[in-house]
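Just below is one structure, and these are the notes that go with it.
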Amino acid sequence: MFTVYILRSQKDGQLYTGFSPNLKSRLSKHRTGKVQATKARLPIDLLYYEAYVNEQDARNREKYFKSGWGRKYVRKILKNTLHVKK
């Protein structure tokens, strides 16, 4: 199973979109500071994920989420989640 996921930094509120064939392992690496892109933005929360059987489908979805239209789509589908105050 291939997963596309979206994380949010508790530190600065920024979103991070990623891809992994093993979401549990990848989240562990993010949370322990072993991923360069997110280690300065810890702690992070998993907000959303989608699972795919086909790797290329997942990679295409990740690419879409990182595009302008994709970022707008993510903010739309996570509208309530993104506005929740802790």
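The values are calculated or read from the model by the stated rules, or taken from the named source; none is laboratory data. What you see is a predicted model; the values in this text were computed from it and never measured. Here the Cβ positions follow ideal geometry from the backbone for every residue, glycine too, while neighbour counts run over all protein chains shown.
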* To do: Could you grab me the full set of residues in the stretch 9-28 that are within 23 Å of residue 56 (Cβ to Cβ) and in a helix (DSSP H, G or I)?
  => 23, 24, 25, 26, 27
* Asked: Within the stretch 55-67, which residues are small (Gly, Ala, Ser) and either more than 18 Å from residue 19 (Cα to Cα) or surrounded by 15 or more Cβ atoms within 10 Å (Cβ to Cβ) (or both)?
  -> 58
* May I ask you to list pairs of residues, at least six apart or on different chains, whose Cβ atoms are under 7 Å apart, with the first in the stretch 16-27 being buried (at least 18 other Cβ atoms within 10 Å of the Cβ) and the second being assigned to a loop (DSSP other than H, G, I, E, B) and modelled with pLDDT of 95 or more? => 17/66
* Can you confirm whether the stretch 77-85 contains a residue that is in contact (Cβ under 8 Å) with a residue 12 or more places away in the chain, touching a His at 6+ places or on another chain (Cβ under 9 Å) and either of a type outside the set (Lys, Arg) or assigned to a helix (DSSP H, G or I) (or both)? => no
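I want to confirm something. Restricting to the stretch 38-50 and keeping residues that are among the aliphatic types (A, V, I, L, M) and not in a helix (DSSP H, G or I), which single residue is farthest from residue 82 (Cα to Cα)?
Keep residues of the stretch 38-50 that are among the aliphatic types (A, V, I, L, M), which gives 40, 42, 44, 46-47.
Imposing the further condition that a residue be not in a helix (DSSP H, G or I) reduces the set to 42, 44, 46-47.
Numbers: 42: 17, 44: 13, 46: 12, 47: 9 Å.
For the stretch 38-50, the residue satisfying everything is 42.
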* Out of all the residues in the stretch 51-64, is one or more closer than 20 Å to residue 81 by Cα, within 13 Å of the chain's Cα centre (by Cα), at pLDDT 95 or above and in a loop (DSSP other than H, G, I, E, B)? -> no
